[in-house]
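Here is the structure we will look at, set down as structure tokens.
Please treat every number below as a calculation from the coordinates, not as lab data. No experiment lies behind these values; they were computed from the predicted model shown. Don't worry about glycine lacking a Cβ; one is built from the backbone with ideal geometry, like all the others, and counts go over all protein chains shown.
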Amino acid sequence: MNAIEKRDYIYNYLYLLIDNDIEEVYNKVKSIVEKELVLSQSQDEELDRRVTRHKNGESKSYTWSELKQRVKSNS
């Protein structure tokens, strides 16, 4: 079974799990996601620079509506 088939299998059968199993699956997935989302020092520094630029008004930001419109117009 390839990765796509495994994802589909998990997705399709999640609703069949009983509450205890859901909790176990949730905790396992959460621990994997949190472990994978650890930023390197350079990534963390870049994120800080971007946040600072945004707070100082030095970068362009868009509302959700503006973003959706841009995506629609580019497709």
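For the chain, applying the loop criterion from DSSP together with a ceiling of 16 other beta carbons within 10 Å to the trypsin sites (Lys or Arg not before Pro) yields K60.
If R0 is taken as 35 Å, the Cβ-Cβ distance between L39 and L14 corresponds to a FRET efficiency of 0.75.
For the range 1-66, the set of chymotrypsin sites (Phe, Trp or Tyr not before Pro) satisfying both a DSSP loop assignment and a count of at most 11 other C-beta atoms within 10 Å is given as Y62. Inter-label distance, I32 to S73: 4.0 nm, where each label sits 7 Å from its Cα along the C-beta direction.
Over the chain, the ratio between the Cα radius of gyration and 2.2 N^0.38 Å evaluates to 1.72. Working note: Karplus 6.51/-1.76/1.60 with θ = phi - 60° gives the range 15-28 the couplings 5, 8, 6, 7, 3, 4, 5, 4, 4, 5, 5, 4, 5, 5 Hz, where Gly and Pro are set to x. Modelled spin-label separation between E23 and D48, with each label point placed 7 Å from Cα along the Cα-to-Cβ direction: 3.9 nm. Across the range 58-75, computed HN-Hα scalar couplings (Karplus, 6.51 cos²θ - 1.76 cosθ + 1.60, θ = phi - 60°) run 8, 10, 7, 10, 10, 6, 4, 4, 4, 5, 4, 5, 4, 5, 4, 6, 8, 9 Hz from first to last residue, x flagging Gly and Pro. The C-alpha atoms of the chain define a longest principal axis, and helix 3-13 lies at about 70 degrees to it. Rounded to the nearest 0.05, what FRET efficiency is calculated for E66 and R7 with R0 set to 30 Å and r the Cβ-Cβ distance? According to the calculation, E is roughly 0.40.
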